[in-house]
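Written below as structure tokens is the structure these notes are about.
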Amino acid sequence: MSGHMDIEEFLRMQRELQIGMKEANPNLTTGDPYLMNEEELAQFITWNHTALILELSEMMQEVGWKPWASSRHVNYPHALHEMVDAWHFWLNIMLGLGAMAQCPIKVLMIDFETYYQTKNARNLQRQVEGYDGISSKCPACKGEMSETGCTPTVCTKKGEGVKKVDKELEELQANIERRSGEGKSTSSEELTAAARQVHREAQEAAGYAPIAPDPDFLDPATMFKGGERGSKDSRILESTSATGEPIFIFRAKDIFSVMVLSFYAEIIEKYGPDDTEFHRDVVDALAGFKEWQRTHVAQVRYPD
């Protein structure tokens, strides 16, 4: 073979290599990917993915990249050998994807080159327009909205879930209208009050009597007692009270509070701010909420 090989030639040679390895050693769990069933292909892609990651890690051992070390070297022959190993596994994954999609190698490479050129053009456009890595992605599935067809409020990948929620809301609204027509309730406030009563009765039947909320709960003048008015929380409440800024407070007995704090901690870790003390405060609060719920199971309840 003269000249440089293109990727299609590499793929054909890699397929022949897999066939030859199987013929030389029938005990190997490899062979021609285009003759594998779906389960065999899933396993084939999985172990090649693992091997690819390991080979890339071994390649990095031949490069001086550590920020705590001054050397910026590369052991070129050794690093290149590791990249050859990684290239084998990358080609195997490509063959596995093509086989699973029942896509011939020629078509596979046409599709790959088309996607490659399209992605390059998009990357260049992003740099020209400014790319923050967040605003163009779907909040639900995290995919590029230009590719998935999602919008900031509707996720196409999770459309079934959206439809399910919409259906449940429609059924709930229909039930409210039906009950209103029957004279059982005439307003959403009455429905809410009835639901709360049912919930309280269930709590009492379980041996837990709900405590009435403290009317001064959100009053900064009475919330913190015993010399705690100098605390950070107290200052926040005093500040929001003075400016009229809305504030929302979670309590550990709210069964949803742990889930909300957990999600909030993930958002902070992913998007910032780059403030380790602030992040630690959120994580500590989450741990405190979890521990309280674990030791006060009887008092944890749905918000009412």
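Under 9 Å between Cβ atoms, which residue pairs at least 6 apart in sequence (or on different chains) link something in segment 16-41 that is touching a residue at least 60 places away in the same chain (Cβ under 8 Å) with a partner that is of a type in the set (K, R)?
P33/R15; Y34/R15
Determine whether segment 63-70 contains at least one residue that is part of a helix (DSSP H, G or I) and surrounded by fewer than 14 Cβ atoms within 10 Å (Cβ to Cβ). Talk me through it step by step, then tell me what you get.
Kept after step one, since they are part of a helix (DSSP H, G or I), are these residues of segment 63-70: none.
Looking for residues that are part of a helix (DSSP H, G or I) and surrounded by fewer than 14 Cβ atoms within 10 Å (Cβ to Cβ), one finds none in segment 63-70, hence no.
Inside segment 39-78, can you point out the residues that are under 19 Å from Q102 (Cβ atoms) and over 27 Å from the mean Cα position of the chain (by Cα)?
Within segment 39-78, E40 is the sole residue that qualifies.
For segment 19-38, enumerate the residues that are part of a loop (DSSP other than H, G, I, E, B) and either of a type outside the set (V, I, T) or under 28 Å from the mean Cα position of the chain (by Cα) (or both).
N25, P26, N27, L28, G31, D32, M36, N37
Tell me which of these S57 doesn't satisfy, since it passes every other one: (1) more than 30 Å from P104 (Cα to Cα); (2) surrounded by fewer than 15 Cβ atoms within 10 Å (Cβ to Cβ); (3) in contact (Cβ under 8 Å) with a residue 12 or more places away in the chain.
(3)
For segment 1-48, how many residues are over 16 Å from L91 (Cα atoms), exposed (fewer than 15 other Cβ atoms within 10 Å of the Cβ) and among the charged types (D, E, K, R)?
The qualifying residues number 3.
Hand me the list of helices (runs of 4 or more DSSP H) wholly inside segment 189-303 holding 3 or more residues that are at pLDDT 70 or above and touching a helix residue (DSSP H, G or I) at 6+ places or on another chain (Cβ under 8 Å).
232-243, 257-271, 276-295
Could you grab me the full set of residues in segment 114-143 that are of a type in the set (S, T, N, Q) and either over 21 Å from L11 (Cβ atoms) or in contact with a Leu (Cβ under 9 Å, 6 or more places away or on another chain) (or both)?
Across segment 114-143, the qualifying residues are N123, Q125, Q127, S135, S136.
Determine which member of the set G98, G130 is closer than 30 Å to I268 by Cα and under 28 Å from the mean Cα position of the chain (by Cα).
G130
Mind counting the residues in segment 71-113 that are touching a Lys or Arg at 6+ places or on another chain (Cβ under 8 Å) and either farther than 13 Å from R12 by Cα or loosely packed, with under 13 Cβ neighbours inside 10 Å (or both)? Steps first, answer last, please.
Initially, segment 71-113 is screened for residues touching a Lys or Arg at 6+ places or on another chain (Cβ under 8 Å), giving 95, 105.
Then keep just the ones that are either farther than 13 Å from R12 by Cα or loosely packed, with under 13 Cβ neighbours inside 10 Å (or both); that gives none.
The qualifying residues number 0.
The values are calculated or read from the model by the stated rules, or taken from the named source; none is laboratory data. Predicted model only: the values in this text are computed from it and were never measured. All Cβ positions, glycine included, derive from the backbone under ideal geometry; neighbour counts span all protein chains shown.
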